[in-house]
């Protein structure tokens, strides 16, 4: 039996190793994971922490002018 954060995972019979993909949205800062494994010979529980520090987006400054002004003049001597 394998549990990740209390949720049981599918285990293949007679497997020497297993790989799991757990859908999880990391929160900013520390994220705690608890892994529990039980075999015929014993059991083990281990906690580990994943630290997530998202990249900061650069703030784009708006251009100095936010509009366009057009002036025009036409002279005709026909």
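A few notes on this one:
- Subset tally (residues that are over 11 Å from residue 5 (Cβ atoms) and more than 12 Å from the chain's Cα centre (by Cα)) for segment 20-47: 13
- Remark: pairs (first residue in segment 38-52, under 23 Å from residue 14 (Cβ atoms); second residue not in a strand (DSSP E or B); Cβ separation under 6 Å; 6+ apart in sequence or on different chains) = 38/1.
- Residues in segment 12-26 that are touching a strand residue (DSSP E or B) at 6+ places or on another chain (Cβ under 7 Å) and at pLDDT 85 or above: 26 only.
- Within segment 57-78, residues that are at positive phi and exposed (fewer than 10 other Cβ atoms within 10 Å of the Cβ) have Cβ atoms under 9 Å from residues that are modelled with pLDDT of 80 or more and part of a loop (DSSP other than H, G, I, E, B) in no pair, counting only partners at least 6 apart in sequence or on another chain.
- Enumeration of residues in segment 11-35 that are assigned to a loop (DSSP other than H, G, I, E, B) and either over 22 Å from residue 55 (Cα atoms) or touching a helix residue (DSSP H, G or I) at 6+ places or on another chain (Cβ under 7 Å) (or both): 11, 12, 13, 14, 15, 16, 17, 18, 19, 20, 21, 22
- Only one of the numbered conditions (1) over 30 Å from residue 53 (Cβ atoms); (2) in contact with a strand residue (DSSP E or B) (Cβ under 8 Å, 6 or more places away or on another chain); (3) in a loop (DSSP other than H, G, I, E, B) is not met by residue 8, and that is (3).
- Summed over segment 3-17, residues that are within 23 Å of the chain's Cα centre (by Cα) and surrounded by 10 or more Cβ atoms within 10 Å (Cβ to Cβ) total 5.
The values are calculated or read from the model by the stated rules, or taken from the named source; none is laboratory data. Worth saying up front: this structure is predicted, and the values here are computed from it rather than measured. Quick reminder, even Gly has a Cβ in these numbers, built from the backbone with ideal geometry, and neighbours come from all protein chains shown.
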